[in-house]
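Undergrad: Take this structure, written in structure tokens, and hold onto it; I'll ask about it next.
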Amino acid sequence: MNNFVSMKEMSAIQIHQLLKTASDIERNGVSPLSEQLFAANLFFEPSTRTKMSFVVAEKKLGLEVLDFDAGSSSLQKGESVYDTAKTLESIGANLLVVRHPVANQVQQLAKQLTIPVINAGDGAGEHPTQCLLDLYTMYQEFQSFQGLNVLIVGDVVHSRVARSNAYALKTLGANVYFSSKPQWQDAELDFPYLDLDEAIEMCDVVMLLRIQLERHEENTVLDQDSYLAKYGLTIERERKMKDHAIILHPAPVNRGIEIADQLVECERSRIFTQMKNGVTTRMAVIQQLLQSGGTTHVNHFNQFE
Ligand code: CP
């Protein structure tokens, strides 16, 4: 694996290897690096969870984190994203983590650089590390994806999380269903759309999506109460879920819109577990990329295999 930019082309074996690496890291930890390696996190779109959990993951692995801030960088003087990334590569970054508002930009950048690139979210394209932490959270719960019924609910057409999860879950043998306002369905994703009240009773995982207002071309005005009642996870719907079923949400959460406020931290919610798992799974991705891309750090990282 040279880059980690999309779940679409990942095989089941590759995904399971990453989940196993994450599990090994969680059980055994890692020992400090014997050489100096640098990571740069290039975020051209806002982030709390992804950016901060990458910083924690990088520091836990022993990498030095370059302090890049788009707002005070030479992007403000007109430098391109490519020249910014190429500059970081030239001055010694060993790894780039990139979030960009335009779909497919991170994949393009990865093709132009020699160091590993991780996609931290490209517009409405993909969010592969979010997907990996979602998969890890589901695997912790069910120990298998085969035949798992996963319902993805909400603003599907604008959601990179929905896309990455749908691709990966299909590859892993799960059944993926969507439920969405008709205007927010995605015709390019070939998965069945179900009525929320019927689907909620048969699914093992209910994954809610944030309404991505920043990607809506039209000026969407939301009536919060009526959206929740029609398309969100209300307390009444949560009561209809199977006993073992869990709730996921990539966050940030619009409390009271996609999900009733009281359910965000309810017993079956794994929303904050997902965030915790984000650190371990991102460590796994970085470790595998540095193993594939170099020779000097292979021995260090192989010690727990
Ligand atoms: N889930 C997620 O990507 O959150 P951030 O936008 O805060 O990184």
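Values quoted throughout were computed directly from the atomic coordinates according to the rules given, and no laboratory measurement underlies them. Owing to the predicted nature of the structure, the values given are computational and were not obtained by experimental measurement. Cβ placement follows ideal geometry from the backbone for every residue including glycine, while neighbour counts extend to all protein chains displayed.
Undergrad: When the chain is treated as a GNM, springs tying every alpha-carbon pair under 10 Å, which of 76, 146, 224 comes out with the largest mean-square fluctuation?
TA: Largest GNM mean-square fluctuation: 76.
Undergrad: Helix 81-90 sits at what angle to the longest principal axis of the chain, using alpha carbons and giving 0 to 90 degrees rounded to 10?
TA: The angle comes out near 40 degrees.
Undergrad: Which whole-number percentage describes the relative contact order of the chain, with Cα contacts under 8 Å and a sequence gap of 6 or more?
TA: The value is 22 percent.
Undergrad: Could you list, in their original order, any pairs among 170/230; 60/240; 181/242; 59/240; 242/276; 20/111 whose Cα atoms are separated by more than 32 Å?
TA: 60/240; 59/240
Undergrad: Next question. Quick one: dipole size for segment 128-274, taken about the Cα centre, charges +1 on Lys/Arg Cβ and -1 on Asp/Glu Cβ, in debye to the nearest 20.
TA: The calculated dipole for segment 128-274 is roughly 320 debye.
Undergrad: Which FRET efficiency value, to the nearest 0.05, is calculated for residue 102 and residue 239 with the Förster distance at 35 angstrom and r the Cβ-Cβ distance?
TA: E(calc), rounded to 0.05, equals 0.30.
Undergrad: If you rank 235, 118 by fewest surrounding Cβ atoms within 10 Å, what's the result?
TA: Lowest to highest Cβ neighbour count: 235, 118.
Undergrad: Under 15 Å from the Cβ of residue 91, count the other residues' Cβ atoms, weight Lys and Arg +1, Asp and Glu -1, and hand me the total.
TA: Value of the local net charge: -4.
Undergrad: Among 131, 266, what is the fewest-to-most ranking by other Cβ atoms within 10 Å? Show your work: numbers first, answer last.
TA: Values: 131 26, 266 14.
Listed from fewest to most nearby Cβ atoms, that is 266, 131.
Undergrad: Then there is this: On a 0 to 90 degree scale, rounded to 10, what angle separates helix 49-61 from the longest Cα axis of the chain?
TA: That works out to roughly 40 degrees.
Undergrad: Continuing with the same structure: So how far, in whole Å, is the C-alpha centre of segment 154-204 from the one of segment 252-287?
TA: Distance between centres, Cα-based: 18 Å.
Undergrad: Another question about this same structure. With an 8 Å Cα cut-off and a minimum separation of 6 or more residues, compute the relative contact order for segment 61-161 in percent.
TA: On the way: 94 pairs, mean separation 20.2, N = 101.
Once normalised by length, the contact order is 20 percent.
Undergrad: Something else: Counting other beta carbons within 10 Å of each residue's own, what order do 216, 249, 100 fall into, fewest first?
TA: Numbers: 216 14, 249 25, 100 22.
The fewest-first ordering by Cβ neighbours comes to 216, 100, 249.
Undergrad: A follow-up question, please. By the gyration tensor of its Cα atoms, with a ≥ b ≥ c the square roots of the eigenvalues, what is the shape of segment 93-207: rounded for a/c under 1.5, prolate for a/b over b/c, or oblate?
TA: oblate
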